[in-house]
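Report on the following structure.
Read-outs: derived from the displayed coordinates by stated rules, not from any lab. Values in this document were obtained by computation on a predicted structure and should not be read as measured data. As a convention, Cβ positions derive from the backbone with ideal geometry for all residues, glycine included, and neighbour counts pool all protein chains shown.
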């Protein structure tokens, strides 16, 4: 074997052990990804590169064959992704929920409201400041859905501020500007000690937040690491990882940040 062919073989081997994952920001901001990735690398021998973006952007990267695997939480976009054959496998991993947070002064008087629709109507009626991620993320998609359910189009209203940022950064903007925002519970709890924002609505069935692990289709993108993607997907739904997911956050925050759901279907959680 020549030196050149040895180099090519080494390069190919390195590529086969490298895995690129596009993950939604909430899994990163909550700290869970920082716990799971090292465990997977140690167990499997793969070297993982994580790209943290909103779910919509993650799926665009998947459509381009730029990543091997997705960790996302935007059900409608995911259905389209799978229907178009861009994903080869989608498995439910876990869920938590969305919450509406805002300043303790609660200028729109939303505390005590019974539904997200009522909350969003009150915010619009009072023209209270609302901070939107506006980043094509799963959270942003849910927010758009909630405004639609409330019969409100915030559009370019002065009270509607768009950040284009991830969840953690958007929470800090909302905190500084004393505005309302929609967030996943995990990111809020992870950053709670640094925020003055309080939970003003929780428990609405419409606020269910489910996460899937999706393998990009190797038949469409032959150069992706399909073996690595499958290995990570299997890792995420394994009993050991599911147990870890269920306990993550309990010691630090007094409650789990996510609830494990491997083997379940969205309808089992009440998701239509």
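Using only DSSP helix segments of four residues or longer, with each worth -39500 (n - 2.57), what per-residue ellipticity at 222 nm results for the chain after dividing by its residue count and rounding to 500?
Mean residue ellipticity, 222 nm, calculated: -12500 deg cm²/dmol.
May I ask you to work out the translational diffusion coefficient for the range 24-175 at 10 °C, viscosity 1.306 mPa s, via Stokes-Einstein with Rh from the Kirkwood sum over Cα pairs, reported in whole µm²/s?
Using the Kirkwood radius from Cα pairs, D works out to 92 µm²/s.
Tell me the Rg and the Dmax, in Å, that the Cα atoms of the range 112-238 produce.
17.7, 53
Please arrange 261, 149 by how many other C-beta atoms lie within 10 Å of their C-beta, fewest to most.
The order, fewest Cβ neighbours first, is 149, 261.
Between the range 163-183 and the range 196-221, how many Å separate their Cα centres?
18
Spin-label point model (7 Å from Cα, Cβ direction): what's the residue 194 to residue 255 distance in nm?
Distance between label points: 2.1 nm.
Calculate the FRET efficiency for residue 126 and residue 80 from the Cβ-Cβ distance with a Förster distance of 41 Å, rounded to the nearest 0.05.
So the FRET efficiency works out to roughly 0.70.
Testing the spin-label approximation: label points 7 Å from Cα along Cα→Cβ at residue 244 and residue 144. State their distance in nm.
3.4
For the range 97-207, what proportion of DSSP beta bridges, expressed in % and rounded to the nearest 5, is antiparallel?
Of the beta bridges lying entirely in the range 97-207, close to 65 percent run antiparallel.
Please report how far the C-alpha centroid of the range 106-161 lies from that of the range 33-81, rounded to the nearest whole angstrom.
28
Please report the antiparallel percentage of DSSP beta bridges with both residues in the chain, rounded to the nearest 5.
Restricted to the chain, the bridges split so that about 60 percent are antiparallel.
For the chain, how big is Rg over Rh, using alpha carbon atoms and the Kirkwood form of Rh?
Ratio value, two decimals: 1.02.
Quick check: pseudo-label points 7 Å beyond the Cα along Cα→Cβ at residue 219 and residue 66, how many nm apart are they?
Modelled inter-label distance: 2.5 nm.
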